[in-house]
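Enquirer: This structure is in structure tokens; I'll ask about it shortly.
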Amino acid sequence: MNVPAEETFLYIVEMIGAVAAAISGIRLAALKRFDWFGAYIVGLVTALGGGTLRDMMLGNPVFWVSSMKMFLSYFIGTALSMAIVIVFSAALVRREKALLVFDAIGLAMFTVIGIEKATVDGRPMGIAIAMGLVTGAFGGVLRDILINEEPLIFRKDIYAMASLLGGVAYWGVGVMGWGPELSALACMLTCIGIRMLALKYGWHLPILRPVDNNK
Amino acid sequence: MNVPAEETFLYIVEMIGAVAAAISGIRLAALKRFDWFGAYIVGLVTALGGGTLRDMMLGNPVFWVSSMKMFLSYFIGTALSMAIVIVFSAALVRREKALLVFDAIGLAMFTVIGIEKATVDGRPMGIAIAMGLVTGAFGGVLRDILINEEPLIFRKDIYAMASLLGGVAYWGVGVMGWGPELSALACMLTCIGIRMLALKYGWHLPILRPVDNNK
Amino acid sequence: MNVPAEETFLYIVEMIGAVAAAISGIRLAALKRFDWFGAYIVGLVTALGGGTLRDMMLGNPVFWVSSMKMFLSYFIGTALSMAIVIVFSAALVRREKALLVFDAIGLAMFTVIGIEKATVDGRPMGIAIAMGLVTGAFGGVLRDILINEEPLIFRKDIYAMASLLGGVAYWGVGVMGWGPELSALACMLTCIGIRMLALKYGWHLPILRPVDNNK
């Protein structure tokens, strides 16, 4: 379906997202004083955890367990992320905004990949959007479980919601009959746009009011 | 095997359990000051997490990923649970006991569903009872992992034990040769009965005595 | 491939590892004041969690869900571990070193099993080593998630690293063409040796320096 140049482009975008995700995991692990090995695993799980969970729920072969190319891409990508964190730690703090942009690109790309893995399987659109959300946002949830924190995406910022609205955009463009390429583009632009606007203007979802109970 | 009226009845019982589970997740997430989206996801995972884990361990298609009816039932059921928590939060505190009854019904129904999914697959009874326990109790375990608490069912009340003893009742009645309908009924009554008695009389399992060690 | 006596020997080694793993889970659960049932589940998950995750990622039937022998072995092995912890709790503290030796044997055996399950499936060696690591080390990660602690193996001692280097030894001997039995032996000796030396001399991996950020 894709011409080779397009495939290469999409692969590069995926790797940018994977490295941004791994860097977020490695930095949070460093704050928790994990050792190098632990930080590497947390980075790896952040990058490939969402897709792994998606593949297990779809009953598909797990992408990095069944493809040596994906295995090497993610394991080497995480090693590269380690090197970036170690060598450029001070610079990263000054480049916080660039990191967040790369992270948003990753969220958007992972969302599209998740939706397309589900639609290729013939799943209905609602389930595909859920798979996009799992792919995009659950790497970060698994990261926060490993470092023993309440998942950030449930308490802060518009993150998973950007993935979800990107999925809705994918579906909306698909309903128009404009083909999967335009759907994917609309999904990515929506996801990145909402994420960036939410960061710029400090948008938050309302917090659910705590309920008194005696549990 | 089931006549349609029976199927409809069982579906309604399952949904009562799903909503009770989702409400427990949403309320605990609210206590942790999660946002609406986070609370929704925690509620959803509480309701469908046990069955998802069961299906992945049995190598079956995940029930809500392979059935649009189940997908919509659980996603809409969780949305309904959100509405209940938001609109009736004060009333819920006064109706704590009713919630616990619904939750026990859900635990019992999920246990039966888990056992039957495993026996349909031809698994031996011990493994089927384990699958009933996973279906009934592990939604709550995943909920507590997401909100970053030690799993309640391991520290408080007779909860997973009620599911386990319900499974044993299912097996006992099956050995008598009284058929799966009576097995399921015995399982549900045992599970609900033990759970209610444990709540009423404050039954607890003994706590394992901490061991001095230098780890 | 194996003669029966060899199979029996390997089964016994696996069970030693399973009991050592379950004991570690039960003792940590006791420190958290879990009840008996909770401690049993934590012990069970420590013993069979790594293999369960491996089988789900490989798309294989989960070993204890598809084999009554394995189901009974792990469930009874964990019950035995409970009995050991309860009856011999004081003695266990004095035998801390023996426990660590058994645990290292388990880590090594689980690593070999994970690698062989993956190579039997025809996976390339890098992926097989990753599966060995998941089998050997992720039972402990799941244990620490259940008891709501940061995973020990990411912060302390050389543990997962011993599994990884054992996997590399497996691969190195295989490249020499010396057959799977010698590969497995090299893997076990490397894994146990490194783990024991690390404990004896207090080897640690470097901690990743925390990064200042305003997240």
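Enquirer: With the requirement that a residue be among the small types (Gly, Ala, Ser), in contact (Cβ under 8 Å) with a residue 24 or more places away in the chain and touching an Asp or Glu at 6+ places or on another chain (Cβ under 9 Å), what does the range A:90-112 give you?
Expert: Looking only at the range A:90-112, we keep the residues that are among the small types (Gly, Ala, Ser), and these are A:90-91, A:98, A:104, A:106, A:108.
If we keep only those that are in contact (Cβ under 8 Å) with a residue 24 or more places away in the chain as well, we get A:104, A:106, A:108.
Listed by number, the list holds a single entry, A:GLY106.
Enquirer: On the given criteria, is A:THR52 in a helix (DSSP H, G or I), without any contact (Cβ under 8 Å) to a residue 60 or more places away in the chain, facing chain C (nearest Cβ under 8 Å) and polar (S, T, N, Q)? Break it down into steps so the answer makes sense when it comes.
Expert: Values: in a helix (DSSP H, G or I): yes; without any contact (Cβ under 8 Å) to a residue 60 or more places away in the chain: yes; facing chain C (nearest Cβ under 8 Å): yes; polar (S, T, N, Q): yes.
Spelling it out, A:THR52 is indeed in a helix (DSSP H, G or I), without any contact (Cβ under 8 Å) to a residue 60 or more places away in the chain, facing chain C (nearest Cβ under 8 Å) and polar (S, T, N, Q).
Enquirer: When you scan the range B:13-36, do you find a residue that is of a type in the set (Asp, Glu), surrounded by fewer than 23 Cβ atoms within 10 Å (Cβ to Cβ) and in a helix (DSSP H, G or I), even just one?
Expert: yes
Enquirer: Given the structure, is A:THR8 closer than 29 Å to C:LEU58 by Cα, polar (S, T, N, Q) and either crowded, with 24+ Cβ neighbours inside 10 Å or touching a residue at least 40 places away in the same chain (Cβ under 8 Å) (or both)?
Expert: Numbers: closer than 29 Å to C:LEU58 by Cα: yes; polar (S, T, N, Q): yes; either crowded, with 24+ Cβ neighbours inside 10 Å or touching a residue at least 40 places away in the same chain (Cβ under 8 Å) (or both): no.
Considered against the rule, which asks whether it is closer than 29 Å to C:LEU58 by Cα, polar (S, T, N, Q) and either crowded, with 24+ Cβ neighbours inside 10 Å or touching a residue at least 40 places away in the same chain (Cβ under 8 Å) (or both), A:THR8 comes out as no.
Enquirer: In addition: Which of (1) in contact (Cβ under 8 Å) with a residue 60 or more places away in the chain; (2) facing another protein chain (nearest Cβ under 10 Å); (3) buried (at least 18 other Cβ atoms within 10 Å of the Cβ) is the odd one out, the single condition A:ASN60 does not satisfy?
Expert: (3)
Enquirer: Right, here's the next one. When you go through (1) under 15 Å from B:GLY51 (Cα atoms); (2) aromatic (Phe, Trp, Tyr); (3) within 14 Å of chain C (Cβ to nearest Cβ) one by one for B:PHE110, which number turns out not to apply?
Expert: B:PHE110 satisfies every listed condition except (3).
Enquirer: Within the range C:123-143, restricting attention to residues that are surrounded by fewer than 22 Cβ atoms within 10 Å (Cβ to Cβ) and in contact (Cβ under 8 Å) with a residue 12 or more places away in the chain, which residue is nearest to A:ASN148 (Cα to Cα)? Before you say what the answer is, go through the steps one by one.
Expert: Keep residues of the range C:123-143 that are surrounded by fewer than 22 Cβ atoms within 10 Å (Cβ to Cβ), which gives C:123-126, C:142.
Still in the list and also in contact (Cβ under 8 Å) with a residue 12 or more places away in the chain: C:123, C:125, C:142.
Working: C:ARG123: 32, C:MET125: 32, C:LEU142: 12 Å.
Within the range C:123-143, the match that is nearest to A:ASN148 (Cα to Cα) is C:LEU142.
Enquirer: Let me ask something else. State whether the residues of the range C:132-141 include one that is over 12 Å from the mean Cα position of the chain (by Cα) and either closer than 23 Å to A:TRP64 by Cβ or at pLDDT 90 or above (or both). Write out each step before concluding.
Expert: Step one: of the range C:132-141, the residues over 12 Å from the mean Cα position of the chain (by Cα) are none.
Taking every residue of the range C:132-141 in turn, none turns out to be over 12 Å from the mean Cα position of the chain (by Cα) and either closer than 23 Å to A:TRP64 by Cβ or at pLDDT 90 or above (or both).
Enquirer: Are any residues in the range B:132-176 at the interface with chain C (Cβ under 8 Å from one of its Cβ atoms) and farther than 19 Å from B:ARG195 by Cβ, and if so, which ones?
Expert: Scanning the range B:132-176 gives B:ILE145, B:ASN148, B:GLU149, B:GLU150.
Enquirer: Can you tell me which residue among A:SER24, A:SER73, A:SER66, A:SER81 is touching a residue at least 40 places away in the same chain (Cβ under 8 Å), more than 21 Å from A:ILE145 (Cα to Cα) and of a type in the set (Ser, Thr, Tyr)? Walk me through how you get there before you give the answer.
Expert: Numbers: A:SER24 fails: more than 21 Å from A:ILE145 (Cα to Cα); A:SER66 fails: touching a residue at least 40 places away in the same chain (Cβ under 8 Å); A:SER81 fails: more than 21 Å from A:ILE145 (Cα to Cα).
Just one listed residue meets the conditions, A:SER73.
Enquirer: For the condition surrounded by fewer than 19 Cβ atoms within 10 Å (Cβ to Cβ) and more than 9 Å from every other protein chain (Cβ to nearest Cβ), what is the one hit in A:ALA98, A:ALA47? First the steps, then the outcome.
Expert: Working: A:ALA47 fails: surrounded by fewer than 19 Cβ atoms within 10 Å (Cβ to Cβ).
The unique qualifying residue is A:ALA98.
Enquirer: Only residues in the range B:28-44 that are more than 17 Å from A:LEU133 (Cα to Cα) and more than 7 Å from chain A (Cβ to nearest Cβ) count as the first member; pair them with residues that are among the charged types (D, E, K, R) and surrounded by fewer than 23 Cβ atoms within 10 Å (Cβ to Cβ), Cβ under 9 angstrom, at least 6 apart or cross-chain, and list the lot.
Expert: B:LEU28/A:LYS215; B:LEU28/B:ASP144; B:LEU28/B:GLU149
Enquirer: Please tell me if C:ALA184 is in contact (Cβ under 8 Å) with a residue 60 or more places away in the chain, in a helix (DSSP H, G or I) and at the interface with chain A (Cβ under 10 Å from one of its Cβ atoms). So that I can check it myself, show each step before the final result.
Expert: Details: in contact (Cβ under 8 Å) with a residue 60 or more places away in the chain: yes; in a helix (DSSP H, G or I): yes; at the interface with chain A (Cβ under 10 Å from one of its Cβ atoms): no.
No; evaluated as a whole, the condition is false for this residue.
Enquirer: Let me ask something else about it. When you look at A:VAL120, is it surrounded by fewer than 18 Cβ atoms within 10 Å (Cβ to Cβ), more than 11 Å from every other protein chain (Cβ to nearest Cβ) and closer than 12 Å to A:ARG195 by Cβ, yes or no? If you could, list the steps in order and put the result at the bottom.
Expert: Working: surrounded by fewer than 18 Cβ atoms within 10 Å (Cβ to Cβ): yes; more than 11 Å from every other protein chain (Cβ to nearest Cβ): yes; closer than 12 Å to A:ARG195 by Cβ: no.
The answer is no for A:VAL120.
The values are calculated or read from the model by the stated rules, or taken from the named source; none is laboratory data. Only a predicted model underlies this, so the values are computations on that prediction, with no experimental measurement involved. We place every Cβ from the backbone using ideal geometry, glycine too, and count neighbours over all the protein chains shown.
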